[in-house]
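What follows is a set of notes on a single structure, which appears directly below.
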Amino acid sequence: MFLDAGGVLVHPNWTRVSETLVRHGVRVSAAALAAAEPRAKKRLDTGGTIRATNDRQRGWTYFNLVLTDAGIPLSDATDAALAELHAYHDQFNLWETVPDDVRPALAALRAGGYRLVVVSNANGTLHRVFDRLGLTSALDLIFDSYNEGVEKPDPRFFRIALDRAGAAPESTVHVGDLYHVDVAGARAAGITPVLIDSANLYLDCDCLRMQSLREFADALSGLQV
């Protein structure tokens, strides 16, 4: 089983984001940012945007969209706060919040006999942040696009992971949270996609949708009974 990192296993540390914004005079709660995030991500997730940008470029747009959807006007202050956050992300990785249901879901998937392989667009810090968060031992392999020199939706990234994991595309599922990155990329590599749609925004999606990794793990467990 291939797994995206951000949006599936880890989420931005919205408390850190909120505190950084407050230091720059922009008051918005972590809860408001987290609530706005799915809508912002859906706005970003278009074929044209994905084809015209890389993961790093989309990161700047992503946070501006989150702020806009949270009702925060963009300004020099928000730019300064986001620059500080991007510097933190480059060194430590801002996607450092693990939802409570992720570790039980990973344990359930492993108990079900699945090999768990992270295939994620990232910035070279993914191994370190997973070590810091205690997630590495719950996974079998971790592929960071920065280290591989290619990123989703390019099917070559999936093929690299398939080859090193000794897996076949027809017996592999990829779980991700962006349609035009994860679903499109997995399909181009012959892999079955699953979309994590936490806010139920992809109503017309043409693949299996789940609200969380735990929901997917529970569904698989039910099929095995």
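The values are calculated or read from the model by the stated rules, or taken from the named source; none is laboratory data. Quick caveat: nothing in here was measured; it's all calculated off a predicted structure. Cβ coordinates were reconstructed from backbone atoms using ideal geometry, including for glycine residues, and neighbour counts include every protein chain displayed.
Take the conditions part of a strand (DSSP E or B) and either buried (at least 20 other Cβ atoms within 10 Å of the Cβ) or at pLDDT 95 or above (or both) and apply them to HIS11. Does it pass?
Yes: the conditions hold for HIS11.
Determine whether LEU33 is touching a Phe, Trp or Tyr at 6+ places or on another chain (Cβ under 6 Å) and either at pLDDT 95 or above or part of a loop (DSSP other than H, G, I, E, B) (or both).
yes
Quick check on my filter: what residues within segment 68-81 are in a helix (DSSP H, G or I) and without any contact (Cβ under 8 Å) to a residue 40 or more places away in the chain?
THR68, ASP69, ASP76, ASP79
Out of (1) free of Cβ contacts under 8 Å to residues at least 24 places away in the same chain; (2) in a strand (DSSP E or B); (3) among the aliphatic types (A, V, I, L, M), the odd one out for ALA219 is which?
(2)
Would you say ARG115 is over 20 Å from VAL173 (Cβ atoms), surrounded by fewer than 16 Cβ atoms within 10 Å (Cβ to Cβ) and of a type outside the set (Asp, Glu)?
Taking the combined requirement at face value, the residue does not satisfy it.
Looking only at segment 36-56, filter to residues that are more than 16 Å from the chain's Cα centre (by Cα) and assigned to a helix (DSSP H, G or I); which one of those is surrounded by the fewest Cβ atoms within 10 Å (Cβ to Cβ)?
Looking at the filtered set, the residue picked out is GLY48.
Quick check on this structure: which one of LEU9, LEU65 is of a type outside the set (Val, Ile, Thr) and in contact with a strand residue (DSSP E or B) (Cβ under 7 Å, 6 or more places away or on another chain)?
After applying the criteria, what remains is LEU9.
Does segment 86-104 include one or more residues that are closer than 29 Å to THR49 by Cα and either in contact with an Asp or Glu (Cβ under 6 Å, 6 or more places away or on another chain) or among the acidic types (Asp, Glu) (or both)?
yes
Taking segment 118-135 as the search range and keeping residues that are more than 19 Å from ARG56 (Cα to Cα) and under 16 Å from the mean Cα position of the chain (by Cα), which one is surrounded by the most Cβ atoms within 10 Å (Cβ to Cβ)?
The residue in question is PHE130.
Select from segment 153-183 the residues that are buried (at least 19 other Cβ atoms within 10 Å of the Cβ) and touching a residue at least 40 places away in the same chain (Cβ under 8 Å) and list them in ascending order.
PRO153, PHE158, ALA161, THR172, HIS174, VAL175, GLY176, ASP177, LEU178, TYR179, VAL181, ASP182
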